[in-house]
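Visitor: Below is the structure I would like to discuss, written out as structure tokens.
Where a number appears in this text, it was derived from the coordinates with a stated rule and is not lab data. Small disclaimer: the values here were computed from a predicted structure and weren't measured. Glycine also receives a Cβ, built like all others from the backbone with ideal geometry; neighbour counts cover every protein chain displayed.
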Amino acid sequence: MAPQLFGTEHILYIIISTVIATAGLLFCKKRAKTEQAQKTVLQVLAALLFAAILTNRLSQVFRYDQIRWYCIIPDSFCGMTSLVLSVGVLLGKKNNSTLHFTWLLALFGGISTVVYASFVDQDISFFYLPTISGLLHHSLSATLTVALLMFKYLDITYKKWYCTFFGFTAYLTVGAFLMQTFHMSDAFHIAEPLIPGTPLTAWVMAPMYAVGYGLVLLVVEFIKRKKAAANTVQ
């Protein structure tokens, strides 16, 4: 019998991955005191994330009878975010623009997909490579994002709001390319919804994300001003 959503294997994965991620982050927070040590932790996590998303994409290339090399290109928001986030940490500077676009997608998308992993039943084995690599890259993307915030490698600010616009434009451009060139109708959910039977296409999710991101920026800015006011009083 194939693994089921919220079945034994899925629930065990959620528990074990959460415990490992939490324990690992707490250990790193306690031990990594210098900026160089913290950067090393982030780069190790980014390298693991890159390996996970690359494995996931290669598993899609060789998944069918006919090799499909174009499947090496991530065709979903989460897949592309895992790739961009990992490369942004490995090659980019602290607080670079790619992090400002990807952090919320990686955090929310990573956690929500691990919890509601609708793809766990695609094979009789829970360790089927497309399944387990998909779970791993979502888990690692969320973990890396928490680490970025924990080590203050990313300064969330409304001044970087434009990164969201350019990021979504780039994603949808890739999606349009995949649809036009390789007939991938579900690429980035431009033509097909994220969940069948719902209106959740990219054109609906993008404005929802923009509103959500705007609210997050308002909350962060409010907290920053409260802290600044408290420091001034002291």
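Visitor: Rank-order 71-78, 123-130 by packing density, defined as the average count of other C-beta atoms within 10 Å over each peptide's residues, highest first. Intermediate values should be presented prior to the final figure.
Guide: Values: 71-78: 19.8, 123-130: 14.9.
Packing proxy ranking, top to bottom: 71-78, 123-130.
Visitor: Okay, moving on. State, to one decimal in nm, how far the label point of TRP69 lies from the label point of ALA210, with both points 7 Å from Cα in the Cβ direction.
Guide: Roughly 3.8 nm, to one decimal.
Visitor: Among rounded, prolate and oblate, which fits the stretch 171-234 when a ≥ b ≥ c are the square roots of the eigenvalues of its C-alpha gyration tensor, a/c under 1.5 means rounded, and a/b larger than b/c means prolate?
Guide: Prolate, since a/c reaches 1.5 and a/b exceeds b/c.
Visitor: Considering amide H positions built from the backbone, and no H for Pro or chain starts, which residues 5 or more places from LEU5, or on another chain, come under 5 Å of its amide H?
Guide: Here nothing satisfies the definition.
Visitor: Same structure again: Any chance you could check the Cα centroid distance between the stretch 191-234 and the stretch 79-108 for me, in angstrom?
Guide: Measuring centre to centre over Cα atoms gives 17 Å.
Visitor: Just to be sure I understand the model, the point goes 7 Å from the Cα along the line to the Cβ. What's the resulting ARG31 to VAL44 distance in nm?
Guide: Calculated label separation equals 0.6 nm.
Visitor: Please sort by residue number the trypsin sites (Lys or Arg not before Pro) in the stretch 123-199 whose DSSP state is loop and whose Cβ has at most 15 other Cβ atoms within 10 Å.
Guide: Here the trypsin sites (Lys or Arg not before Pro) that fit, given the DSSP loop and packing criteria, are LYS152.
Visitor: Show me 52-58, 82-88 ranked by packing, highest mean number of other Cβ atoms within 10 Å first.
Guide: Working: 52-58: 20.4, 82-88: 24.4.
The most tightly packed comes first, giving 82-88, 52-58.
Visitor: Where the centroid of each part is defined by its Cα atoms, how far is the stretch 114-150 from the stretch 1-49 in Å?
Guide: That distance is 11 Å.
Visitor: In nm, to one decimal, how far is the modelled label at THR232 from the one at LEU54, with both set 7 Å along Cα→Cβ?
Guide: 5.0
Visitor: Cross-link partners among lysines for LYS159, C-alpha distance below 20 Å, same-chain residues fewer than 8 apart left out?
Guide: Straight-distance partners of LYS159: LYS93, LYS94, LYS224, LYS226, LYS227.
Visitor: Each residue of the stretch 23-31 in order: what ³J(HN,Hα) in whole Hz does its phi give by Karplus 6.51 cos²θ - 1.76 cosθ + 1.60, θ = phi - 60°, with x for Gly and Pro?
Guide: 4, x, 5, 5, 5, 5, 5, 6, 8
Visitor: On to the next question. Using a Förster distance of 30 Å, how high is the FRET efficiency between ILE15 and THR181, based on the Cβ-Cβ distance and rounded to 0.05?
Guide: Numbers: r = 41 Å, r/R0 = 1.37.
The value I calculate is 0.15.
Visitor: Return one number: the angle in degrees, 0 to 90 and rounded to the nearest 10, between the long axis of the Cα atoms of helix 162-182 and the longest principal axis of the Cα atoms of the chain.
Guide: Helix 162-182 sits at roughly 10 degrees to that axis.
Visitor: When the chain is fully extended, how far beyond the present Cα-Cα distance does TYR162 get from VAL61, taking 0.36 nm per residue of separation? Can you show the working numbers first?
Guide: Working: separation 101, 0.36 × 101 = 36.36 nm, distance 3.36 nm.
Length gained between TYR162 and VAL61: 33.0 nm.
Visitor: Roughly speaking, what is the stretch gain from PHE6 to GLN122, that is 0.36 nm per residue apart minus the C-alpha to C-alpha distance, in nm to one decimal? Display every interim value, and only then the final one.
Guide: Details: separation 116, 0.36 × 116 = 41.76 nm, distance 1.41 nm.
Answer, rounded to one decimal: 40.4 nm.
Visitor: Exposure proxy check: ILE11, ILE156 ranked by fewest other beta carbons within 10 Å? Could the numbers behind the result be given before it?
Guide: Details: ILE11 12, ILE156 21.
Ordered from fewest to most neighbouring Cβ atoms within 10 Å, ILE11, ILE156 come out as ILE11, ILE156.
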